[in-house]
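The structure appears right after this line, and notes come after that.
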Amino acid sequence: MVVPYPWITLGARTRTEDVHVPGNLQHRFVDTNGIRMHIVEAGSGPLVLLLHGFPESWYSWRHQLNALSAAGFRVVAPDQRGYGQTDRPDAIDAYSIFHLVGDVIGLLDALEAPQAVVVGHDWGAPVAWHTALFRPDRVRGVGSFSVPHRPRGSRPPLAVMRELRGEAFYQIYFQKPGVAEADLQRDVRTTLRATLYGASGDSPTVPDLIVRPGQGFIPTGNLPAQLPDWLTGADVDFYTAEFERTGFTGGLNWYRNIDRNWELTAPWTGAQIGVPAVFAVGDRDPVFHFPGGGPGMVDRLRDSVPKLKRGVVLEGCGHWTQQERVAEVNNLLIDFARSA
């Protein structure tokens with residue numbers, strides 16, 4: 001169900017090549033911004049670029065790749081820096097927002113695409129927003145799931161998080177190298193099942209993402225025996241195989257640049273996103289319940305994204321928007337990509 005606001009216009013290791021995803025998907029590697037990036041692509045036509053979040057990979061867009069290509073678009077989903085089969089630099093500061101946006105621009109160059117509709121989920125959303133902010137000449141439209149554009153604040157964000165949520169808030173907990181890795185990698189399959197289920201709309205409670213001693217990032221004590229309908233055993237197998245091979249350090253290093261990103265983006269203080277945009281969030285997404293979230297989240301987004309064309313709150317949906325609500329997300333993206 002879509003909850004509208006008055007201005008809304010929308011009512012042994014598993015290898016990548018062993019995973020069956022219907023459709024004609026092509027896997028290959030490109031060189032971008034000093035790294036080797038694994039991408040999955042389908043279709044032909046105007047380019048739509050899909051950027052995943054944590055802890056995921058290109059695979060989180062498996063349902064959108066075929067739908068967008070069938071609708072007449074060339075669609076590309078990379079493993080972003082630090083994930084999957086893409087390079088994982090050792091240095092923490094190699095995961096700044098400048099690096100991540102640089103990867104996107106380099107990918108567009110490698111694809112010989114002057115422009116694209118750039119769409120992100122979770123951590124992919126800030127990359128999409130900042131690509132539109134830094135390089136609007138290369139972005140025909142920007143889409144975001146779960147994470148709205150957050151204008152640069154007047155104080156370092158980690159200090160604000162500590163005041164509002166305390167030292168045990170997950171983004172603070174992730175800061176010290178090695179600590180979160182030991183927790184997440186102790187039992188990768190359980191970590192991923194707990195994360196995917198616990199932050200979904202199927203979980204009986206919305207997690208507060210406070211890391212409590214002995215409970216891990218998301219508590220595992222109430223995991224159901226049966227997976228929700230949107231998540232199969234093969235899906236869990238794929239994610240587990242990827243993170244058992246790569247570990248979580250690459251993805252965690254994105255969090256370890258939060259304050260660095262705040263420093264780097266000082267010249268853009270007060271800047272608005274100037275390209276057409278679309279945004280969707282679930283009302284059972286933990287992000288929807290962060291300070292500054294709630295029903296007003298979508299309306300407030302217009303202050304920094306004046307060309308926001310559509311905003312949607314999905315009732316009963318959790319954090320994994322494009323996996324939990326396939327049909328609604330596909331329709332939203334196809335309509336937006338056609339009009340951007």
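The values are calculated or read from the model by the stated rules, or taken from the named source; none is laboratory data. Note that the structure is predicted; figures quoted are calculated from it, not measured. We place every Cβ from the backbone using ideal geometry, glycine too, and count neighbours over all the protein chains shown.
Tabulated data
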item	result
So Trp268, is it surrounded by fewer than 23 Cβ atoms within 10 Å (Cβ to Cβ), touching a helix residue (DSSP H, G or I) at 6+ places or on another chain (Cβ under 7 Å) and of a type in the set (Phe, Trp, Tyr)	yes
Gly84 touching a helix residue (DSSP H, G or I) at 6+ places or on another chain (Cβ under 6 Å) and either charged (D, E, K, R) or surrounded by 22 or more Cβ atoms within 10 Å (Cβ to Cβ) (or both)	yes
Residues of region 288-306 that turn out to be closer than 15 Å to Ala128 by Cβ and not hydroxyl-bearing (Ser, Thr, Tyr), as a count	2
Those helices (runs of 4 or more DSSP H) lying entirely in region 73-182 with at least 1 residues hydrophobic (A, V, I, L, M, F, W, C) and in contact with a His (Cβ under 9 Å, 6 or more places away or on another chain)	97-110, 124-134
Pairs, first under 14 Å from Val127 (Cβ atoms) in region 243-264, second among the polar types (S, T, N, Q) and in a helix (DSSP H, G or I), C-beta under 7 Å, six or more apart	Tyr255/Gln171; Ile258/Gln171
Val275 vs. criteria assigned by TED's automatic domain parsing to the domain that holds Asp122, modelled with pLDDT of 95 or more, in contact with a Ser or Thr (Cβ under 9 Å, 6 or more places away or on another chain) and β-branched (Val, Ile, Thr)	no
Region 187-214, residues that are charged (D, E, K, R), assigned to a loop (DSSP other than H, G, I, E, B) and either modelled with pLDDT of 95 or more or touching a Leu at 6+ places or on another chain (Cβ under 8 Å) (or both)	Asp202
Residue count for region 109-122, restricted to those that are surrounded by fewer than 23 Cβ atoms within 10 Å (Cβ to Cβ) and within 20 Å of the chain's Cα centre (by Cα)	0
